[in-house]
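The structure appears below as structure tokens.
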Amino acid sequence: MRVATHTLTAADGGRFEVTRVAAEAPAHHQPIVYLPGMFSGRRFWLSDRGVGLAAHLAGYGFPGLIVERRRGGPGRPGLEDHLQHDLPLVRDWIRSEWNRPAFWIGHSFGGVLASRAAAELLDAGDLAGLVLFAAQFEDGKRMLDWPGNLLLSGFLRIQRRFPAPLLGMGPNDEPRAAMRDAMQLVTRGRREPGLREALARIHAPTLALSGLGDTVDPPTGCEKLIMHFGSADRRFIAAGRATGFREDYTHPGIVVSKAAQAEIWPLVTDWLLARAGAGPLRAAE
């Protein structure tokens, strides 16, 4: 597998990494942008051993760009900064490199950011479709909404980073700015109409999946998210035993589990292939 990691610098000086995964099939389809959620990064989509959804889809002819958020250095490392300054560079890279619409795939807050990018940053010709795993902002998340966010805000006044690994919440710490942006996104998204109205501008094909065993982003909220979209081609799947799946999928398990490899990955692959068009391999690929 051909993989290369690039460091990009945004206009505000912020730096972030993008891992490019080359397509590994004779037919080359549209590129895929992968956005991880909070407390995770590149390895959620592609492990150091080359295992992951990005590798699986590369085998079916989908080149990928795994985009990681800022973790430090110049520039504010917040979710809003990532959306407003970093993701436009990814959009422009796709335009210049492939000149084809891309699929955007996101997990958890990565899926919310992918949705906001579709609504706020991408033209119709930039977007082939969205695949959202466990992505929502309206249900649960008690520590990000009032009154739980009062405790989190107090903690962040003392600490510069949120210690997710120490708390068993994921492999990566989160910068203070990212956590504050997450709180603002949840509280404003629930109480003000702006975000929901923006999501109505999305008309691209959308597949949203959630696990019936997910206690972080429950299926009710994940279904609400795509119901705000204007997409005619829109499908929501709650994956669990009650709906014919092998297990009640958890928050990370909807992507990174043996069961997901066996039945979620093929489902997503079929959905993408049904909406993809093969094209000639560009010299840079």
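The values are calculated or read from the model by the stated rules, or taken from the named source; none is laboratory data. From a predicted model like this one, the values you see are computed outputs, not experimental measurements. As a convention, Cβ positions derive from the backbone with ideal geometry for all residues, glycine included, and neighbour counts pool all protein chains shown. These accessible areas exclude ligands, DNA and RNA; they are computed on the full protein's heavy atoms, side chains included. Shrake-Rupley method; radii C 1.70, N 1.55, O 1.52, S 1.80 Å.
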Average Cα contact separation per residue, the stretch 4-136, under 8 Å, 6 or more apart, as relative contact order %: 28
The stretch 130-285 - accessible surface per residue (Å², probe 1.4 Å): 49
Of all accessible heavy-atom area on the chain, the percent that carbon and sulfur account for (1.4 Å): 53
Relative contact order [Cα under 8 Å, 6+ residues apart], the chain, whole percent: 19
Considering only the stretch 132-278, percent of DSSP beta bridges that pair antiparallel, nearest 5: 20
Percent of Cα pairs exceeding the 20 Å cut-off, where the set is the stretch 188-285: 50
Base-10 log of normalised Debye intensity for the stretch 33-84 (one unit scatterer per alpha-carbon) at q = 0.12, 0.24, 0.27 Å⁻¹: -0.32, -0.91, -1.03
Paramagnetic reach from TRP146 (point 7 Å along Cα→Cβ, amide N under 19 Å) across the stretch 180-216: 180-196
FRET efficiency for THR9 and LEU121, using Cβ-Cβ distance with R0 set to 25 Å, rounded to 0.05: 0.85
Mean accessible surface per residue for the stretch 3-62, computed with a 1.4 Å probe while every protein chain stays in place, in Å²: 38
Stokes-Einstein D in µm²/s, Kirkwood radius over Cα pairs - the stretch 112-166 at 20 °C with 1.002 mPa s viscosity: 152
R0 of 30 Å, Cβ-Cβ distance ALA242-ALA274: FRET efficiency to nearest 0.05: 0.70
Dipole in debye (nearest 20) - the chain, about Cα centre, beta carbon charges: Lys, Arg +1; Asp, Glu -1: 440
Length gained when the stretch ARG160-TYR60 is fully extended (0.36 nm per residue, less Cα-Cα span): 31.8 nm
The stretch 5-83-the stretch 173-232 distance, computed between alpha-carbon centres (Å): 20
Antiparallel content of DSSP bridges confined to the chain, in %, to 5: 40
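Note down the net charge around GLY154, summing +1 for each Lys or Arg and -1 for each Asp or Glu among other residues with Cβ under 13 Å from its Cβ. If you can, show how the numbers build up before the last one.
Details: positive: ARG157, ARG176, ARG180; negative: none.
Charge balance near GLY154 sits at +3.
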